[in-house]
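For reference, the structure I am asking about is given below.
The values are calculated or read from the model by the stated rules, or taken from the named source; none is laboratory data. It should be emphasised that the depicted structure is a prediction, and the values quoted were computed from it without experimental measurement. Because the Cβ atoms are built from the backbone with ideal geometry, glycine has one as well, and the counts that use them run over all protein chains shown. With ligands, DNA and RNA removed, areas are computed over all heavy atoms of the protein, side chains included. Shrake-Rupley method; radii C 1.70, N 1.55, O 1.52, S 1.80 Å.
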Amino acid sequence: MDNITIPVSEIFYSIQGEGKYAGNPSIFLRVGGCNLSCPGFSEKGCDSFYAVDRKYKNEWQNLSIEEIKKEIKQYLKFNPDLVITGGEPGLYFDRLYPLVEWFDGLITIETNATIYPDFDKYPKYKKVAFAMSVKLLNSGEEYKKRVKKESIKNISQNAKKSFFKFVVNINLREEIENITKDIDLPIYCMPLGESKEELEINAPFVFDFCLKNGYRYSDRIHIRLFGKKKGI
Ligand code: SF4
């Protein structure tokens with residue numbers, strides 16, 4: 001078990017900037033690697049391209065769960081949440097489980113929801129809040145790669161704290177309705193943008209879009225305050 005490692009792009013302490021738990025002091029564990037590339041988001045694709053693009057692989061550290069715990073322990077003073085993000089954490093559901101079992105507090109896993117854990121084998125995943133950021137048309141990904149209904153259904157039925165978190169800049173209501181149909185979880189929409197300026201262009205539309213469709217609006221505090229800066 002000790003020689004099992006996970007590629008880690010960064011571990012840092014900050015404030016959750018978006019979604020259901022926005023505002024919560026949180027430790028972020030950003031894993032490297034993703035099964036999508038989202039060419040529609042920013043000129044480099046994904047806004048976390050440094051945790052996705054294999055060109056940055058030499059910046060990722062292969063850490064064991066014990067090494068990750070050691071990093072996390074230095075931030076536990078204020079009982080923060082743990083946010084496992086990426087990249088796509090779902091690539092490592094098996095390897096991450098000892099960490100999920102160990103952490104004594106709220107865990108959010110930020111995922112594109114194309115992969116789901118084995119909830120019977122790893123029951124503590126049922127206590128995790130999965131922030132399901134299912135990718136929409138504006139991600140530039142092929143539909144069949146980005147929407148996996150079986151996975152969304154499985155996560156929704158097993159992990160009741162979960163929620164949807166969509167990146168929006170145009171009217172994607174039909175797609176959102178289709179993805180969330182028959183699933184009773186909160187739906188958050190947040191403006192597309194990797195800078196304060198881009199966020200402010202899209203925010204009024206998303207605000208109105210949420211009002212008209214009964215969705216919850218989520219801002220992106222970290223982008224508003226720090227733009228593309230890492231580790232925050
Ligand atoms: S799914 Fe998320 S992490 Fe992966 S490429 Fe798309 S935006 Fe980036």
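Take the Cα coordinates of the stretch 5-226, assign each an equal point scatterer, and use the Debye formula without solvent to give log10 I(q)/I(0) at q = 0.17, 0.18 Å⁻¹.
-1.32, -1.49
Next question. Using modelled amide H (1.01 Å from N, peptide plane; none on Pro or chain starts), what sits under 5 Å from the amide H of residue 218, excluding residues fewer than 5 places away?
Result for residue 218 returns 189, 190.
Based on the alpha-carbon set only, what is the convex hull volume of the stretch 39-154 divided per residue, in Å³? If you can, show how the numbers build up before the last one.
Details: hull volume 13.9 nm³, N = 116.
Each residue corresponds to 119 Å³ of Cα convex hull volume.
Follow-up question, since we're still on this one. Tell me the angle of helix 149-158 to the major Cα principal axis of the chain, expressed in degrees between 0 and 90 and rounded to the nearest ten.
Roughly 60 degrees, rounded to the nearest 10.
For the chain, what's the relative contact order in percent, using C-alpha pairs closer than 8 Å and at least 6 residues apart? Working shown, then result.
On the way: 468 pairs, mean separation 44.4, N = 232.
With pairs under 8 Å counted, the relative contact order is 19 percent.
Lysine pairs in the stretch 1-82 8 or more apart or on different chains: how many have alpha carbons under 26 angstrom apart?
Close lysine pairs found across the stretch 1-82: 9.
Give the Rg/Rh ratio for the stretch 99-232, taking Rg as the radius of gyration of the Cα atoms and Rh as the Kirkwood radius, to two decimals. Kindly include the intermediate steps, with their values, before the conclusion.
Values: Rg = 15.5 Å, Rh = 15.8 Å.
Here the Rg-to-Rh quotient is 0.98.
Students often check this: by mean Cβ neighbours within 10 Å, which of 17-23, 83-89 ranks highest, and how do the rest follow? Present the calculation step by step, with values, prior to reporting the outcome.
Values: 17-23: 18.7, 83-89: 25.3.
Going from most to least packed, we get 83-89, 17-23.
Top mean-square fluctuation among 188, 116, 56, Gaussian network model of the chain, C-alpha springs under 10 Å?
Checking each option, the largest mean-square fluctuation is seen for 56.
Suppose accessible area is computed on protein heavy atoms with a 1.4 Å probe; arrange 198, 10 from highest to lowest. Kindly include the intermediate steps, with their values, before the conclusion.
On the way: 198 60, 10 25 Å².
Putting 198, 10 in descending order of accessible area: 198, 10.
Let me ask something else. Of 183, 15, 27, which has the largest mean-square fluctuation in a 10 Å C-alpha GNM of the chain?
With Cα springs under 10 Å in the chain, the top fluctuation among 183, 15, 27 is at 183.
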